[in-house]
Amino acid sequence: LFRGAPILYSQIRKMDDIALDAAKKTAARTAVDQWVTEDTKILGIGSGSTVVYAVQRIAERVWKEGELTDLICVPSSYQAHHLILDYNLNLGDLDRNPNIDVAIDGADEVDRHMVLIKGGGGCLLQEKVVASCAKNFIVVADYTKNSIRLGEQWCRGVPIEVAPMAYVPIKLHIEALFGGEASLRMAKVKAGPIVTDNGNFLLDWKFIANREYDWDEVNKAITMIPGVLETGLFVNMAQKCYFGMADGNVKVQN
Ligand code: 5RP
């Protein structure tokens, strides 16, 4: 009886992963087809597993359907940079393309007011810069990211990019201001801190899940702490969020 149990569990996990991947793919493809048109000249490319499906759909339209051939893609991370190159799309940068028409990115959690937690992959700083340069910032995610209030879903908390020499005072400052616990993100394999694309450390702040936070205020207050480069709280930035649902449909949230 007990020998069979782990097999069953891994099979269920696999089915869950397949369902989540399908949801990510549907959300990403729907958003690309609704937002990326022949009028889109500059596209911001976010990071994470859902964005891969968005880039695949763009590449399909460029290379199979002969559309969007002049589209320039501006990456928000090292991962996005290589994704653009791997799919042979036109690579841009903010020096030459500071006005982005549409940026498409994933999220770790989205609440009912369209406040996002981002940075699960550690790319929040560049993601926020790229999103802030976009006329339209569109989020793509699977149904597990859709919350009424932040903290409902399992996540590591709010990622915060910090200067390496300042992570301890910043951690103490955040905990004193807002409670919860901020911990340094460590690499799983190498026993050391994760270093971001910008050479910084990440704190994951586990806030008090059932407390009502004013996220705009929290974001501003944390950003003001010396040594903080950026937070993974995206407030008043996303225009629409596409959630791939378990039943194969897409839910659009404004
Ligand atoms: C990376 C991010 C990602 O967009 C976020 O973690 C969502 O990733 P995924 O699409 O794999 O669920 O913010 O810094």
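Here ILE148 passes the criteria (1) without any contact (Cβ under 8 Å) to a residue 40 or more places away in the chain; (2) among the β-branched types (Val, Ile, Thr); (3) surrounded by 24 or more Cβ atoms within 10 Å (Cβ to Cβ) except the one numbered (3).
Within segment 85-104, does at least one residue satisfy the condition of being closer than 16 Å to CYS133 by Cα, more than 16 Å from the ligand (Cβ to nearest atom) and in contact with a Ser or Thr (Cβ under 8 Å, 6 or more places away or on another chain)? Give the derivation first.
Of segment 85-104, the ones closer than 16 Å to CYS133 by Cα are 92-104.
Checking the rest, the ones that are also more than 16 Å from the ligand (Cβ to nearest atom) come to 92-101.
Now narrow it down to the ones that are in contact with a Ser or Thr (Cβ under 8 Å, 6 or more places away or on another chain): 101.
Yes, segment 85-104 has at least one match.
Look at GLY122 and say whether it is part of a loop (DSSP other than H, G, I, E, B) and within 16 Å of the ligand (Cβ to nearest atom). Taking the combined requirement at face value, the residue satisfies it. Looking across segment 230-254, the residues that are buried (at least 18 other Cβ atoms within 10 Å of the Cβ), not β-branched (Val, Ile, Thr) and not in a loop (DSSP other than H, G, I, E, B) come down to GLU230, LEU233, PHE234, CYS241, TYR242, PHE243, GLY244. I'm checking my understanding of the structure. Among residues of segment 44-67 that are under 18 Å from the mean Cα position of the chain (by Cα) and outside any helix (DSSP H, G or I), which one is nearest to the ligand (Cβ to nearest atom)? Ranking the qualifying residues of segment 44-67, first place goes to GLY48.
None of GLY119, GLY180 is at positive phi, touching a Pro at 6+ places or on another chain (Cβ under 7 Å), surrounded by 16 or more Cβ atoms within 10 Å (Cβ to Cβ) and touching a residue at least 12 places away in the same chain (Cβ under 8 Å) except GLY119.
Filtering segment 80-95 down to residues that are in contact (Cβ under 8 Å) with a residue 24 or more places away in the chain and part of a loop (DSSP other than H, G, I, E, B), which residue is nearest to ASN219 (Cα to Cα)?
Filtering segment 80-95 for residues that are in contact (Cβ under 8 Å) with a residue 24 or more places away in the chain and part of a loop (DSSP other than H, G, I, E, B), the one nearest to ASN219 (Cα to Cα) comes out as LEU94.
Annotation note: Cβ proximity below 7 Å between a residue of segment 30-51 that is under 19 Å from CYS133 (Cα atoms) and a residue that is part of a strand (DSSP E or B) and aromatic (Phe, Trp, Tyr) (sequence gap 6+ or interchain) occurs for ALA31/TYR242.
If you go through segment 184-208 and keep only what is closer than 30 Å to VAL252 by Cβ and either in contact with a Pro (Cβ under 9 Å, 6 or more places away or on another chain) or surrounded by fewer than 14 Cβ atoms within 10 Å (Cβ to Cβ) (or both), you end up with ASP204, TRP205. Scan segment 125-173 residue by residue and report those that are of a type in the set (Val, Ile, Thr), assigned to a helix (DSSP H, G or I), more than 11 Å from the ligand (Cβ to nearest atom) and more than 18 Å from ASN198 (Cβ to Cβ). VAL168, the sole residue that qualifies.
Each value in this text was obtained by applying a stated rule to the coordinates, not by laboratory testing. Keep in mind it's a predicted model, so treat the numbers as computed, not measured. Positions of Cβ are backbone-derived with ideal geometry, glycine not excepted, and every protein chain shown enters the neighbour counts.
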